[in-house]
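Have a look at the structure that comes next, please.
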Amino acid sequence: MSRVVALLRAVNLPSHQKVGSAQLKAFATDLGFTDAQTLLASGNLVFGAGAQKAEALEKRLEAESPKRLGLATDFFVRTAGDLEGVVTKNPFPEASKEDPSHLVVLFLKAPATEAGLKALRAAIAGRERVAGGGRHVYAHYVDGIGESRLTNKLIEKHLGAACTGRNWNTVLKLLALTKSP
């Protein structure tokens, strides 16, 4: 049985869309998925999904979440293979070793275009670096994330797709969880 990662967008922020780890695990189990696990309290769910396709899983999770969790949010489902690709295609290998908490993988609902990436790079006001393509874009927040003006809102505006981000350390932990029973 293949394990997948479902990343929830914009949950457990201060005063915004709260969902507990136990709730997420029960949600996945109630939907018939196996071996549900969570990572951190930021909307990371790993579970066994059989042979179901990622896109179908996203639609099902998004349809059931408001009913079962009282939470309307985007889900970004990725397979272990998808995450392996994210790791091997990392355009910022030095940042993943020296500054992993400031290297963020942006998981997109729709593939980024080269024109969108070019527009995003032109809109960056600081020293942040952005690269990648397809449904995964990488952002290195050289001077830190907290004060950066490279926000999800700006990213989504230029790439034309909803996104959620996870730092490099979290991506590696999620990949490891897809490999464990």
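Derivation of every value follows stated rules applied to the coordinates shown; laboratory data play no part. No experiment lies behind these values; they were computed from the predicted model shown. Every residue, glycine as well, gets a Cβ built from its backbone with ideal geometry; the counts of neighbours run over all protein chains shown.
Would you pick out the residues in region 143-180 that are over 25 Å from Gly81 (Cβ atoms), of a type in the set (Val, Ile, Thr) and either assigned to a helix (DSSP H, G or I) or in contact (Cβ under 8 Å) with a residue 40 or more places away in the chain (or both)?
Ile145
Condition check ((1) within 21 Å of Leu8 (Cα to Cα); (2) buried (at least 20 other Cβ atoms within 10 Å of the Cβ); (3) out of contact with any helix residue (DSSP H, G or I) (no Cβ under 8 Å at 6 or more places or on another chain)) across all residues:
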{"site": "Thr88", "(1), (2), (3)": "no, no, yes"}
{"site": "Pro93", "(1), (2), (3)": "no, no, yes"}
{"site": "Leu120", "(1), (2), (3)": "no, yes, no"}
{"site": "Leu172", "(1), (2), (3)": "yes, no, no"}
